[in-house]
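The values are calculated or read from the model by the stated rules, or taken from the named source; none is laboratory data. As the structure is a computational prediction, the values presented were derived from the model and not from experiment. Neighbour counts run over all protein chains shown; Cβ positions are idealised from the backbone, glycine included.
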Amino acid sequence: MNGVRRTLPPALLVAAGVAAWQGVASLAAVDDLTLASPMETVAALADDLPLLLDGALVTLVEVVLGLGLAVAVGAVAAVGMHLVRPLRRAAYPVLVASQAIPVVVLAPLFVLAFDYGLAPKLAIVALICFFPVTVNLLDGLRSVEPDLLKLMRSLGASRLATLRRVELPAALPSFFSGLRVAATVSVIGAVFGEWAGADEGLGRLVLLANNQLQTPRVYAGIVLLTLMAVGLFLLAGLAERLAVPWKRSEAARP
Amino acid sequence: MATMQLKAAATKPQPAEEAFGVELRDVTRRFRSSRSGDVVALRGLDLSAADGEVLAVVGPSGCGKSTLLELLAGLGDPDEGSVTARGITSREGRLAACAYMPQRDLLLPWRNALANAALALEVQGVPAAAARRRALPLFQRFGLAEFAGALPAELSGGMRQRVAFLRTLLAGRPVLLLDEPFGALDSITRAAMQEWLAEALAAEPRTVVLVTHDVREALYLGDRVAVLSPRPGRLVAELGVPFERPRPRRKTVTDPAFAALEERALQALETAPQP
């Protein structure tokens, strides 16, 4: 019942959007090359499925590995910045500034530096995902109440014992918020990476199809990319529910 | 007041020949505040509790009661004067001698009640499973065994406070510092908790400094009650409570001698110099 109440509104909204899309695409003034209709998109999905899935698999590997890299590096960076205050002071502004550099312009540079293949895509996905992961985890680590830290000190806990038993578990919900954001933007990073130079992947397929005026295939690719991002977002949410079970029992508290 | 002689103890641990309690001598504590200059939380405060004594400290809100406990707990140093616990003046020594129970239970929401209490042992290097095994008898003794597996979110306020108290006990320190332990509870739970604590302290005798703003709670639980003035906190009255502990609650609080003490304490609070 609850599930239906939660999923029904977005489902209706998507249905309305698809209907409007079909309506616009069916207008006589709109030519098939400009806009593929939902029907044409579904047809393209069915016809080109093996091709699209091959590309999607390549992109998915880039995304998952890049995301993993971002989580690993981000976790080390966040814990390091949390424990060493001078490091935080020095690195935090640099971290923020690094986000101001548009990834689109970095992508070709990464391809130059790392060659075609997996490496530049990983680098771009990781660069995009690193920021939300690191900043959210750092905020989570720092959000532990001062009174709780006082209590730990009074119990004779070492800095590392406090980190392990209090700060890291307390930072998990915040970390997962960052991971959800990272999961959604990770696909964008992989597409940019492929556009800058690649010989496989869903992003490259979309670019190629666009150049060849195969509009329905472009739309089919976009649908798959979107599903990938949404799927990763939901997976991150599921992981959170498994890793942070106490949040639910807190929410259920009368 | 045997503790007075230990004033010169400086940083060296003393042999346990005297009754070791806690002592504050002429303690002043200021906090830097950029907006209003320095805030003086405590000024020239003398206070002591003998070994095994329950000293209850009452005072209006903001009289520096929490600061007092943090100094004793070794979470800070006084700007002037000396703070001694078990004959040791150094901050590390106070940290090792005192177990501090903050106002809120501060239970970790991801640990069940038993694991929360066992945390006190775990941070001292006891492996998690062994820590829980050692904590369990305490849960049984204090009637909490059936709640050992419950998460804090599933416990009532009073239960959470009991678990927090067991965590404090498990720290294994001779001195307990309790900061308004029942401040957040409703009055019925509060009365039950006071009785529970009185019995717990009878079963596990410790030197206790209990801070509260409730005069009746102070008189019911304390061997001695110290009344502090509004900030900067200083001692305005000290009352001995001539009842054996643990005390039957209703019989005690309705005793005329108890009422007279309560009257004296309230008067001391009212006539305390205003800042």
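In the set (1) in a helix (DSSP H, G or I); (2) buried (at least 21 other Cβ atoms within 10 Å of the Cβ), B:Leu177 fails one condition alone, (1). With the condition kept exactly as written, say whether any residue in region B:223-246 is in contact (Cβ under 8 Å) with a residue 24 or more places away in the chain, over 25 Å from B:Asp51 (Cα atoms) and charged (D, E, K, R). Within region B:223-246 (the criterion being in contact (Cβ under 8 Å) with a residue 24 or more places away in the chain, over 25 Å from B:Asp51 (Cα atoms) and charged (D, E, K, R)), the answer is yes, since at least one residue qualifies.
The residue of region B:50-70 that is farthest from B:Pro181 (Cα to Cα), among those that are touching a helix residue (DSSP H, G or I) at 6+ places or on another chain (Cβ under 8 Å) and modelled with pLDDT of 90 or more, is B:Ala50.
Restricted to helices (runs of 4 or more DSSP H) entirely inside region A:40-115, those with at least 2 residues that are without any contact (Cβ under 8 Å) to a residue 12 or more places away in the chain and of a type in the set (Lys, Arg) are A:85-100.
Taken together, B:Leu72, B:Leu95 contain a single residue that is crowded, with 23+ Cβ neighbours inside 10 Å and within 11 Å of chain A (Cβ to nearest Cβ), which is B:Leu72. Restricted to region B:135-158, and to residues there that are assigned to a helix (DSSP H, G or I) and more than 12 Å from B:Leu114 (Cα to Cα), the residue that is nearest to the other protein chains (Cβ to nearest Cβ) is B:Ala153. Looking only at residues in region A:116-146 that are away from every other protein chain (no Cβ under 14 Å) and in a loop (DSSP other than H, G, I, E, B), which one is farthest from A:Leu67 (Cα to Cα)? Filtering first and then ranking leaves A:Tyr116. Mind checking which residues of region B:98-108 are assigned to a strand (DSSP E or B) and more than 8 Å from chain A (Cβ to nearest Cβ)? The answer is B:Met101, and nothing else. Taking helices (runs of 4 or more DSSP H) as the structural unit, those lying wholly within region A:166-254 and holding at least 3 residues that are touching a Gly at 6+ places or on another chain (Cβ under 7 Å) and within 30 Å of A:Ala78 (Cα to Cα) correspond to A:168-196.
Just one residue in the set A:Ala161, A:Ala157 is out of contact with any His (no Cβ under 6 Å at 6 or more places or on another chain), modelled with pLDDT of 90 or more, within 14 Å of chain B (Cβ to nearest Cβ) and assigned to a helix (DSSP H, G or I); that residue is A:Ala161.
State yes or no: is B:Arg86 farther than 18 Å from A:Arg153 by Cα, more than 10 Å from chain A (Cβ to nearest Cβ), in contact (Cβ under 8 Å) with a residue 24 or more places away in the chain and of a type in the set (D, E, K, R)? Spelling it out, B:Arg86 is indeed farther than 18 Å from A:Arg153 by Cα, more than 10 Å from chain A (Cβ to nearest Cβ), in contact (Cβ under 8 Å) with a residue 24 or more places away in the chain and of a type in the set (D, E, K, R).
For B:Arg32, the conditions (1) modelled with pLDDT of 80 or more; (2) more than 29 Å from B:Tyr220 (Cα to Cα); (3) in contact with a helix residue (DSSP H, G or I) (Cβ under 7 Å, 6 or more places away or on another chain) all hold with the exception of (3).
For region B:219-259, residues that are closer than 21 Å to B:Thr271 by Cα, in a loop (DSSP other than H, G, I, E, B) and among the β-branched types (Val, Ile, Thr) total 1. Can you tell me which residue in region B:109-120 is nearest to B:Ser156 (Cα to Cα), limited to those that are surrounded by fewer than 23 Cβ atoms within 10 Å (Cβ to Cβ) and at the interface with another protein chain (Cβ under 9 Å from one of its Cβ atoms)? Here the answer is B:Pro109.
So that you can scan it fast, the table gives a plain yes or no per residue for (1) surrounded by 12 or more Cβ atoms within 10 Å (Cβ to Cβ); (2) at pLDDT below 90:
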{"site": "A:Arg6", "(1), (2)": "no, yes"}
{"site": "A:Leu12", "(1), (2)": "no, no"}
{"site": "A:Asp32", "(1), (2)": "yes, yes"}
{"site": "A:Val42", "(1), (2)": "yes, no"}
{"site": "A:Val71", "(1), (2)": "yes, no"}
{"site": "A:Gly80", "(1), (2)": "yes, no"}
{"site": "A:Leu83", "(1), (2)": "yes, no"}
{"site": "A:Pro102", "(1), (2)": "no, yes"}
